[in-house]
1. Set the Förster distance to 22 Å, then compute FRET efficiency between residue 285 and residue 108 from the Cβ-Cβ distance, nearest 0.05.
2. Using the alpha-carbon centroid of each, what span in Å lies between segment 249-290 and segment 23-38?
3. Relative contact order (percent) for the chain, with alpha-carbon contacts under 8 angstrom and 6 or more residues of separation?
4. Residue separation times 0.36 nm, minus the C-alpha to C-alpha distance between residue 194 and residue 75: what's the value?
5. What fraction of the DSSP beta bridges in the chain is antiparallel, stated in percent and rounded to the nearest 5?
6. If you average the alpha carbon positions of segment 134-166 and of segment 98-118, how far apart do those two centres end up, in angstrom?
7. Which of 61, 114 has the fewest other C-beta atoms within 10 Å, and how do the rest follow up to the most?
8. So if I take the alpha carbon set of segment 100-298, get Rg, then get Rh from the Kirkwood formula, what is the Rg over Rh ratio?
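Bear in mind these aren't lab numbers, they're just calculated from the coordinates by the rules spelled out. These numbers were taken from a predicted model, which means no experiment stands behind them. Cβ placement follows ideal geometry from the backbone for every residue including glycine, while neighbour counts extend to all protein chains displayed.
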């Protein structure tokens, strides 16, 4: 698209400037084309584009014939530079980064099929890449299973860049909100789990049973970084998930390498009141944590 826009600006500029010739000059058309190209010449440094050609024109070029026309050609060239290197990329980024909304209403987390939720988002976004990776999954819910917050990130590799999707469910509006960005690097990409596989594992967990086993709290949460790690956290409850079966993992078996999903309750740890005794701020901390590890490599394997 950038080359098409540049060519259009070049042609229109030449058609306009060729009629403004004041002095006879051989190869006039080629010369004003050269000044246009010089004005549009870009120098790229650390992803920043600078109008080097126009600076060169201002410092070193002093035309003697058709001076005004050649100056205009250089100016039109730098305008083309600005359009192609600054304005167009910004406009494309704004357009691609606009929020995408997916109207959707679901019920209790206890009956949710997380894989279906992922596939819904995947289809609505019309994604062609089946090898999307997941990072920073989090869901919060109350004791009745009502979801109060749900979000995760998806990443897909596209040649030399990465497509990044930030997905969040807006409970008050019953819709997913998705924002897109394109990044040059994502250092932990190769350590992230394939998104579909993650949601398959999440479906194995008996969230209702896990929640009830933690006791009576006002809210609960499930989190996962999605990153393959060396896991060695002792003095807490941990399990392994393999072939849809859940087995207890003892501290003696640690450390292990794999992915894990953390489940926990949220208990109130403090509050702040105003002079009238009204609560203005509350703080919570995790309680009764239990981790579910999968795709595990035990030490020595």
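1. Efficiency, from the Cβ-Cβ distance: 0.30.
2. Cα centroid of segment 249-290 versus Cα centroid of segment 23-38: 71 Å apart.
3. 13
4. That works out to 37.8 nm of additional length.
5. Expressed as a percentage, antiparallel bridges in the chain total about 95.
6. Segment 134-166 and segment 98-118 have Cα centres separated by 11 Å.
7. 61, 114
8. For segment 100-298, the value is 0.99.
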